[in-house]
1. Quick one, which of (i) 18.0; (ii) 19.2; (iii) 21.3 is the actual mean projected area of the Cα convex hull in nm² calculated for this model?
2. Could you tell me how many degrees, from 0 to 90 and to the nearest 10, lie between the Cα long axis of helix 277-297 and the main elongation axis, the longest principal axis, of the Cα atoms of the chain?
3. If contacts are Cα pairs under 8 angstrom and at least 6 residues apart, what is the relative contact order of the chain in percent?
4. Considering only 207, 273, 358, give the residue with the highest GNM mean-square fluctuation for the chain, with springs between Cα atoms whenever their separation is below 10 Å.
5. Students often forget the sequence filter, so: which aspartates and glutamates lie under 14 Å Cα-Cα from residue 134 once same-chain residues fewer than 8 apart are removed?
6. Name the most mobile residue of 396, 211, 279, meaning the one with the largest mean-square fluctuation, in a Gaussian network model of the chain with Cα contacts below 10 Å.
7. Can you give me the accessible area per residue for region 25-166, using a 1.4 Å probe, in Å²?
8. Taking 0.36 nm per intervening residue step and subtracting the Cα-Cα distance, what contour gain separates residue 294 from residue 373 on full extension?
Amino acid sequence: MPATLRPFALVALISATLVLGLNMGVRQTFGLFLEPMTDALSISHGAFSMAIALQNLLWGALQPACAALADRYGTGKVLTVGGICYAAGLVVMALVQTPLGLHLGAGLLVGIAVAASGFPLVLAAVARAAPPEKRSAWLGIAAAGGSMGQFALLPGAQALIGGFGWVAALLVLAVAAALIVPCAAALSGKAVAASKHDTQTLTGAVGEAGRHSGYLMLTAGFFVCGFHVAFMATHLPAYISSVGLSPFVGATALSLIGFFNIIGSFGAGWLGGRFRKKRVLTGIYLARSIAIAFLMILPTSDVTIYIFASAFGLLWLGTVPLTGGLVGEIFGARYMATLFGFVMFSHQIGAFFGAWLGGVSYDITGSYDAVWSLAIILGLIAAALHWPIRDKPVDRLVEMEAAERA
């Protein structure tokens with residue numbers, strides 16, 4: 001990469017890390033609000049879970065559109081909209097203290113916000129800015145930003161809820177989310193042709209991916225990641241309370257997941273630069289199932305929960321740089337945001353069911369055991385889906401590179 005571009009590239013990487021830290025960190029705190037908000041608003045766990053499930057579904061449904069807008073008009077403009085909607089959604093959650101306010105704020109506005117400031121847009125901007133030989137590692141660093149935010153914001157949010165109440169905590173988080181807006185300027189680029197030989201259109205890119213069996217398996221497997229992450233982010237604190245442990249243990253567990261995912265995301269990016277990404281993804285999903293199985297088998301205690309959270313943290317968002325990197329590796333970086341956006345839609349359908357089924361299962365049975373068991377089975381299915389993925393660049397990229405060398 002030319003030396004004149006290095007400062008801008010580093011600023012883009014730092015800004016991407018901050019945006020994902022705010023995007024993921026704030027929304028990962030919502031599980032801490034389940035108990036105080038359901039008590040204050042006299043609503044069920046299922047009703048709260050439905051708002052979060054709708055948020056995840058809307059996030060996924062809008063992700064391809066937001067990514068396409070970013071590819072066409074520039075990432076910075078879409079990120080700015082995302083930051084504004086994020087702050088507005090949290091304010092509505094805090095001030096409109098009804099089930100309608102919960103669904104409008106946490107469901108609609110935050111759903112739009114996370115779609116407009118999420119992984120496909122930000123990682124595509126990083127992929128464009130990064131030196132090719134460092135791209136996988138940079139994607140891992142940026143993805144780790146999501147967990148840095150989780151690690152930093154979860155203890156703070158719990159302290160605010162305990163000291164000042166859930167309303168004040170949401171308002172403070174709204175101010176934090178608004179910081180996405182000034183970070184957007186450093187990520188304002190848009191997709192451009194890699195060379196004069198790259199004549200592919202957005203429609204052509206979507207059609208090419210839709211006919212690629214590896215892309216379809218990658219998309220199906222990412223459903224499981226969404227299921228796991230949303231279920232635990234929404235219900236892990238409540239599960240921990242349901243087995244007789246203190247709310248502090250729940251907040252600490254989510255914080256540990258965030259801390260260890262800083263290591264896990266960076267490590268996944270590093271491994272993805274040295275080994276086939278599909279093999280690393282297979283290992284991550286298999287390890288998730290094993291970790292959940294041990295949680296179900298071992299006696300429940302503070303120590304057990306902390307060990308599980310630490311282990312799962314290493315596996316938490318490491319799938320993201322690997323999945324995004326694999327999309328770029330197979331199809332090229334030009335329309336990576338849009339193609340990853342469709343993969344992310346599958347992730348968010350999984351997230352919808354993870355968040356919703358957790359609440360429904362608890363309301364019906366008084367336990368989360370059935371959903372934990374389902375999470376184990378889904379992890380094994382995802383591992384099986386990723387192993388046979390065709391991960392070589394498509395013929396179009398090979399031919400384009402040959403034309404460039406000619």
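1. The value matching this structure is (i).
2. Computed tilt is about 10 degrees.
3. On the way: 766 pairs, mean separation 112.6, N = 406.
About 28 percent, as a whole number.
4. Highest fluctuation of the listed residues: 207.
5. Those aspartates and glutamates meeting the cut-off are 329.
6. It is 211.
7. Working: 4400 Å² over 142 residues.
That works out to 31 Å² per residue.
8. My answer for the length gained is 27.3 nm.
The values are calculated or read from the model by the stated rules, or taken from the named source; none is laboratory data. What you are looking at is a predicted structure, and each value in this text was computed from that prediction instead of being measured. Positions of Cβ are generated from backbone atoms using ideal geometry, with glycine treated the same way; all protein chains shown enter the neighbour counts. Accessible surface is based on the protein model in full, side chains and every heavy atom, while ligands, DNA and RNA are left aside. Shrake-Rupley method; radii C 1.70, N 1.55, O 1.52, S 1.80 Å.
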